[in-house]
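Please read the structure below before turning to the comments.
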Amino acid sequence: MITEHDVYQELAQKNDSKIVLLVMDGLGGLPLHVNGLTELETAHKPNLDRLAREGSSGRAIPVRPGITPGSGPAHLSLFSYDPVRFQIGRGVLEALGIGFPLRPDDLAARGNFATADANGLIMDRRAGRISTEECIRLCRKLQENTSLADDGYQVFVEPVKEHRFALILRGPGLGGKLTETDPLVTGKPPLPVRDESGTPEGAATAALLNKWLDQARRVLADDPRANTLNLRGLAKDPGLPRFPDIYKMRAAAIAVYPMYKGVARLVGMDVIDFDGDRPHHQVAALKRVWADYDFFFIHIKKTDTYGEDGNFDAKVHEIEAVDAVIPDILALGPTVLIVTGDHSTPVKLRSHSYHPVPTLFWGPDVMPDGVQSFGERASERGALGLFHATQIVPWAMGYAGRLERFGA
Ligand code: ZN
């Protein structure tokens, strides 16, 4: 079967152009009142408005109409990987999220500490939401007192937050289609890990995990709250086609938070180290590596954080902080600059949402479409219309002159 990626890989050619993909996480918003403005429409952002006036706008659908995405799949989509086809297990995202250096053959799971009664029935699936300090202590206890070394496997138990941790197994031949142990309701015992792939590796991996779970539950047995645990989202690195191979571009990721670095690394981008965590620090890093790469992914996290916190003013100010660094990006002379988000996180909803994301393309060969500002409603009138976020990189390739003619 010929995929879209095959077509672009066939047509991709190298040149001296530079493409910048500037992502404000959770950018899209909603008015708080019927006649009000969104966060983006409220922000004073002369530079972004100028880009919209000189460029072309539209709205991006992250996954499919009406579907609210997590940031992992939403970023895959921005990198042109249809998240419906390329699914990353939650365990892998959890491990990437804490910056664990996951290897291709590692098996990762998301773990939850839980409380069981004397008969082993789950009473609280989150162990009373224990503190993160408590989680760190319990993970250390498990790390020191459980082992699969006799079977030739390494085990890593890494704290995440509150009752959540990540479990990583390292060793040969891990695999299969593994079920979760969480019964999802209270009053039932945890389930064993089962393999649904029917392969010898799957059966062996399930047996290893059940062996570890037995050990772990014995170690935890005397804890007043976190006396048991569950594993979910057991998965390996899906082995995605590499972005630099498909598009023949050297790609750099300039992100602060581990999960975004992790997803970028999964598709083969280089993750750039830098000091600081503000947009101007990221642009300083961009400047430093400008000559070494063709494609630059810049990830701004706080727009999403403030959306989830329900903090309208803070989200507006973060958009304004990004606006302030636009001249410094333009000074580097990008061939194509894309400004978008991975999904919407309206302050009104305090959560991710399915609303299409305002997106603009700017560059010498981008046709100005008459849109006068950057915003949800302004972008509705843009030339790009309503499109799937997986099309962003292909459009940019075209604007950058990086695609040969298709056919004679
Ligand atoms: Zn996000």
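The values are calculated or read from the model by the stated rules, or taken from the named source; none is laboratory data. If you're wondering where the values come from, they're calculated on a predicted model, not measured in any experiment. In this analysis, Cβ positions are derived from the backbone assuming ideal geometry, glycine residues included, and neighbour counts consider all displayed protein chains. Surface accessibility is based on the protein's heavy atoms, side chains included, excluding ligands, DNA and RNA. Shrake-Rupley method; radii C 1.70, N 1.55, O 1.52, S 1.80 Å.
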For this session: Percent of Cα-Cα pairs per 10 Å bin, from 0 to the last occupied bin, for segment 142-201, please list those.
Result: 18, 39, 38, 5
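What number, rounded to the nearest 500 deg cm²/dmol, is the helix-based mean residue ellipticity at 222 nm of the chain, given -39500 (n - 2.57) per DSSP H run of at least four residues and division by all its residues?
Values: 14 runs with 138 residues, N = 408.
It lands at -10000 deg cm²/dmol.
Write out the GluC sites (Glu not before Pro) in segment 350-408 meeting two conditions: DSSP loop, and at most 14 other Cβ atoms within 10 Å of their Cβ.
Details: sites: Glu376, Glu380, Glu404; in loops: Glu404.
Those satisfying the criteria are Glu404.
Given a cut-off of 23 Å, what percent of all Cα-Cα pairs of segment 1-146 lie beyond it?
Values: 6670 of 10585 pairs.
Tail of P(r) above 23 Å: 63 percent of Cα pairs.
Please report the net charge: other residues with Cβ closer than 13 Å to the Cβ of Arg64, K and R +1, D and E -1.
Numbers: positive: Arg85; negative: Asp82.
Here the count lands on 0.
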Seminar exercise, completed: Projected convex hull area of segment 178-252, Cα atoms, direction-averaged, in nm², equals 8.4 nm²
Seminar exercise, completed: Phi-derived 3J(HN,Hα) across segment 325-342 with the Karplus relation (6.51, -1.76, 1.60, θ = phi - 60°), rounded Hz, x for Gly and Pro, is 9, 4, x, 5, 5, 5, 4, 6, x, x, 7, 9, 10, 10, 10, 7, x, 7
For this session: Taking H placed 1.01 Å from N in the peptide plane, check which residues at least 5 places from Leu37 or on another chain put their amide H under 5 Å from its amide H.
Result: Leu32
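If you keep only loop residues by DSSP, which trypsin sites (Lys or Arg not before Pro) in segment 42-125 have at most 13 other Cβ atoms within 10 Å of their Cβ? Please list the in-between numbers first.
Values: sites: Arg50, Arg53, Arg59, Arg85, Arg90, Arg110, Arg125; in loops: Arg85, Arg125.
Of the trypsin sites (Lys or Arg not before Pro), the ones in loops of segment 42-125 whose Cβ has at most 13 other Cβ atoms within 10 Å are Arg85.
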Exercise. Averaged per residue, what accessible area in Å² does segment 68-121 show with a 1.4 Å probe, protein chains only?
Worked result: 36 Å²
Problem set entry | Evaluated over the chain, the Cα radius of gyration and Dmax, each in Å | 23.0, 74
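Quick check: net charge around Arg90, other residues with Cβ under 15 Å of its Cβ, Lys/Arg +1 and Asp/Glu -1? Show your work: numbers first, answer last.
On the way: positive: Arg110, Lys161, Arg164, Lys177, Arg232, Lys236; negative: Glu94, Asp106, Glu158, Glu180, Asp182, Asp237.
So the surrounding residues net to 0.
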Seminar exercise, completed: Of the convex hull drawn through the C-alpha atoms of segment 215-339, the volume per residue in Å³ is 169 Å³
Problem set entry | Coil-residue trypsin sites (Lys or Arg not before Pro) of segment 377-408, DSSP, other Cβ within 10 Å capped at 12 | Arg405
Exercise. So how far, in whole Å, is the C-alpha centre of segment 29-77 from the one of segment 291-317?
Worked result: 12 Å
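Structure shown: which of Lys236/Lys287; Lys261/Lys315; Lys14/Lys315 lie over 28 Å apart, alpha-carbon to alpha-carbon?
On the way: Lys236/Lys287 35 Å; Lys261/Lys315 22 Å; Lys14/Lys315 38 Å.
The pairs that break the limit, which is 28 Å between Cα atoms, are Lys236/Lys287; Lys14/Lys315.
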Exercise. Got a number for carbon plus sulfur as a percent of the chain's accessible area, 1.4 Å probe?
Worked result: 50 percent
For this session: Pick out which of Ala166, Ala378, Ala255 has the largest mean-square fluctuation in a Gaussian network model of the chain, springs linking Cα atoms closer than 10 Å.
Result: Ala378
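Provide the per residue accessible area, probe 1.4 Å, for segment 146-188, rounded to a whole number of square angstrom. Spell out each step's value before the answer.
Working: 1940 Å² over 43 residues.
With all protein chains present, segment 146-188 gives 45 Å² per residue.
Could you work out the equivalent-ellipsoid semi-axes for segment 101-235, taking the square root of 5 times each eigenvalue of the Cα gyration tensor, largest first, in whole Å? Walk me through the numbers before you get to the answer.
Numbers: eigenvalues 108, 56, 32 Å².
Semi-axes (√(5λ), whole Å): 23, 17, 13.
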